[in-house]
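Notes to accompany the following structure.
The values are calculated or read from the model by the stated rules, or taken from the named source; none is laboratory data. Here the structure is a predicted model, which means the values were calculated and not measured. With ideal geometry, Cβ positions are generated from the backbone for all residues, glycine too; neighbour counts draw on all protein chains shown. Accessible surface is based on the protein model in full, side chains and every heavy atom, while ligands, DNA and RNA are left aside. Shrake-Rupley method; radii C 1.70, N 1.55, O 1.52, S 1.80 Å.
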Amino acid sequence: MIIHKSFGLDLGTTNGTASVIKDGKVLYAEENPGKNKTIPSIIAVRNNGKEVCGTLAKNEFYIGNENSKKSIKREMGKKVSIKIGENNYSPEEISSKIINYCKECLIDTIGTEENVVYDKVVITVPAYFNLAQKDATRKAGELAGLDVQLLLEEPTAAAINYAVSNKIENGLFFVFDL
């Protein structure tokens with residue numbers, strides 16, 4: 001019997017991260033090399049044709065590899081085509097690759113369990129995202145092979161995290177997002 005589990009994903013413009021609650025503790029994806037808990041939201045195709053994400057893609061971007069793309073979140077909801085290497089991608093397709101990479105980092109961090117599959121996700125989105133941008137984010141999650149259970153606005157996620165972390169059952173919260 002397969003057990004389907006959920007994880008959370010902050011698909012950031014610059015960095016993202018995935019997390020899960022396991023044994024009552026929040027565990028964050030750690031990227032190798034370096035065990036970074038924030039994963040660069042960048043994709044690149046190396047000269048040898050290999051596609052990379054995260055820190056390796058960030059390194060490619062900063063050495064001038066033109067076959068790299070960062071800040072794809074700014075393109076979500078737009079009908080644009082982005083050429084990377086020999087292929088053209090939609091923002092949703094690029095984001096799906098970043099989502100998959102964050103999920104892989106999470107699984108590498110927490111380890112695998114027999115009959116457990118992390119195939120459900122809650123993705124945070126900026127409060128200002130319009131319907132097209134939210135739909136594109138949902139589509140990116142689905143292209144990554146995930147059941148997108150909820151798109152949660154980032155300020156709401158921050159308030160929930162604060163309340164849970166501080167064991168506050170109810171209250172009024174002021175969230176300021178820089």
* Structure fact -> Site V164, offset 7 angstrom along Cα→Cβ, radius 14 Å on amide nitrogen, limited to the range 7-46, gives 7-10, 18-29
* **Integer Hz, Karplus 6.51/-1.76/1.60 couplings in order for the range 109-120, x for Gly and Pro** => 6, 8, x, 9, 10, 4, 6, 10, 10, 8, 10, 10
* Structure fact -> With Cα springs under 10 Å, the Gaussian network model of the chain assigns the largest mean-square fluctuation among V26, V117, V125 to V26
* Asked: Taking the structure as given and computing percent of Cα pairs over 24 Å apart, which label from [x] 32; [y] 39; [z] 45 fits?
  -> [y]
* Asked: In terms of modelled amide H atoms, which long-range or inter-chain residues lie less than 5 Å from the amide H of N36?
  -> E31
* Structure fact -> Only helices counted: for the chain, with every DSSP H run of 4 or more residues adding -39500 (n - 2.57) and the sum spread over all residues, [θ] at 222 nm is -9500 deg cm²/dmol
* **Candidates per GluC sites (Glu not before Pro) in the range 34-92, loop by DSSP, up to 16 other Cβ within 10 Å** => E66, E86
* At most 14 other Cβ within 10 Å, DSSP loop - chymotrypsin sites (Phe, Trp or Tyr not before Pro), the range 110-178 -> Y128, F173, F174, F176
* **Carbon and sulfur %, accessible surface of the chain computed with the full protein complex present, 1.4 Å** => 50 percent
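Rounded, prolate or oblate, given the Cα gyration tensor of the range 95-178, with a/c below 1.5 counting as rounded?
Details: a/c = 2.46, a/b = 1.31, b/c = 1.87.
Oblate is the answer for the range 95-178, as a/c is 1.5 or above yet b/c matches or exceeds a/b.
If you take every residue apart from K37 with its C-beta less than 12 Å away from the C-beta of K37, what net charge results, scoring Lys and Arg +1 and Asp and Glu -1?
-2
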* Asked: Name the GluC sites (Glu not before Pro) in the range 108-172 that are in a loop by DSSP and that have at most 16 other C-beta atoms within 10 Å, would you?
  -> E113, E114, E169
* Please calculate the 1.4 Å probe accessible area of I110, with all protein chains present, and give it to the nearest 10 Å². => 20 Å²
* Rolling a 1.4 angstrom probe over the protein heavy atoms, how many square angstrom per residue are accessible across the chain? -> 59 Å²
* Asked: Longest span of the chain, sites excluded, free of trypsin sites (Lys or Arg not before Pro) in DSSP loop with at most 12 other C-beta atoms within 10 Å?
  -> 80-166
